[in-house]
Amino acid sequence: MSLLSPKIKNPALVGFISAGVLAVVIFVGYFWFSHPKFASADELLVAIIGQGIKIGSGVQITASYIPSTPACASTYAASPSWTKTVTGTIVRDIAGAYNATVTKDIFCDNTNCILYTSGATPSTTVCIATDANVYANILWSKTDVTSQTWADSNFSISGGDIGGTHGSPLTVGNGNQDVASKNWLARDYTSASGTFNAMDACKALGAGWRLPNILELDSIRDQGAYVLFVTPASRLPNILFYGSYWSSSENNGTYSWYLNFMGGTVVDANKNTSDYVRCVRGAM
């Protein structure tokens with residue numbers, strides 16, 4: 001029994017319509033099998049229309065319906081691959097109470113590192129921004145940049161120079177230093193370029209690189225593996241045990257916070273003091 005109406009008597013017309021129906025079936029079948037991402041016939045129909053088929057009004061739809069996964073805002077491909085350099089560093093849980101800890105493994109490539117869920121292994125390409133296994137969603141530089149002053153002069157950051165404000169209560173470092181309600185410097189600060197030297201040294205590494213705030217810096221402070229005056233209070237590669245590292249967090253117009261990895265204490269220092277700088281990318 002023909003799918004065509006029996007009232008159509010013209011054999012040529014019947015043949016023409018049959019060929020058209022067959023062509024549509026073949027096209028739809030090909031489109032479906034070559035685009036397996038479409039979960040339903042409705043999605044498929046919208047996609048086909050989006051390829052430019054004209055509808056009765058003569059208006060041509062040009063937008064196609066092609067579902068896709070949103071692009072990662074901060075993808076990083078290890079070069080050449082990740083190597084586990086540390087198993088089981090015990091660090092503070094920056095999402096929890098001051099004395100709460102979590103255990104992470106440290107993976108590094110030739111230039112950068114991540115703290116990763118203990119026992120898990122990252123793929124070569126990692127979405128730093130969304131991978132829940134990447135601790136604090138931060139990529140750490142494997143080495144320091146040259147020592148820098150925090151700023152070229154002493155004044156309180158304000159307006160567009162402020163990147164954010166620490167919550168309250170908040171204490172950091174082995175000395176339980178109170179940094180509640182303190183501001184940190186914005187990566188893309190609005191003061192004249194060159195005003196904030198430590199931040200600028202990180203920005204020079206490329207897009208997204210910045211100086212970590214004091215809570216982020218405290219997130220790599222190991223809670224027990226270090227030996228005072230012998231090894232640094234962090235197991236991130238190349239952290240100097242005697243090194244004082246700037247954060248982007250300021251205390252007041254004259255002083256900003258640094259973390260000293262000899263004992264894991266947080267101290268404020270004059271902004272024109274030259275200290276070590278370890279840069280990060282992601283989060284914030």
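The values are calculated or read from the model by the stated rules, or taken from the named source; none is laboratory data. Note that this is a predicted model, so its numbers are computed, not measured. Cβ atoms come from the backbone with ideal geometry, glycine included; neighbour counts cover every protein chain shown.
Within the set N260, N197, N176, the sole residue that is at pLDDT below 95 and out of contact with any His (no Cβ under 7 Å at 6 or more places or on another chain) turns out to be N176. Determine if the range 227-241 includes at least one residue that is in a strand (DSSP E or B) and without any contact (Cβ under 8 Å) to a residue 60 or more places away in the chain. Checked against the condition, which is being in a strand (DSSP E or B) and without any contact (Cβ under 8 Å) to a residue 60 or more places away in the chain, the range 227-241 yields no hits at all.
Would you pick out the residues in the range 91-133 that are touching a Cys at 6+ places or on another chain (Cβ under 9 Å) and within 22 Å of F261 (Cβ to Cβ)? Scanning the range 91-133 gives I106, F107, I114. Would the range 158-175 turn up any residue that is more than 25 Å from Y116 (Cβ to Cβ), part of a helix (DSSP H, G or I) and of a type outside the set (D, E)? Checked against the condition, which is being more than 25 Å from Y116 (Cβ to Cβ), part of a helix (DSSP H, G or I) and of a type outside the set (D, E), the range 158-175 yields at least one hit. Of the residues examined, D200 is not one that is within 25 Å of the chain's Cα centre (by Cα), assigned to a loop (DSSP other than H, G, I, E, B) and either of a type in the set (V, I, T) or over 29 Å from D105 (Cα atoms) (or both). When you check K182 against the structure, is it in contact with a His (Cβ under 7 Å, 6 or more places away or on another chain), at negative phi and either crowded, with 20+ Cβ neighbours inside 10 Å or touching a residue at least 60 places away in the same chain (Cβ under 8 Å) (or both), yes or no? Here the answer is yes, as K182 does meet what is asked.
Here the range 149-177 is the region considered, the condition is being among the β-branched types (V, I, T) and within 19 Å of V277 (Cα to Cα), and the residue that is surrounded by the fewest Cβ atoms within 10 Å (Cβ to Cβ) is T149.
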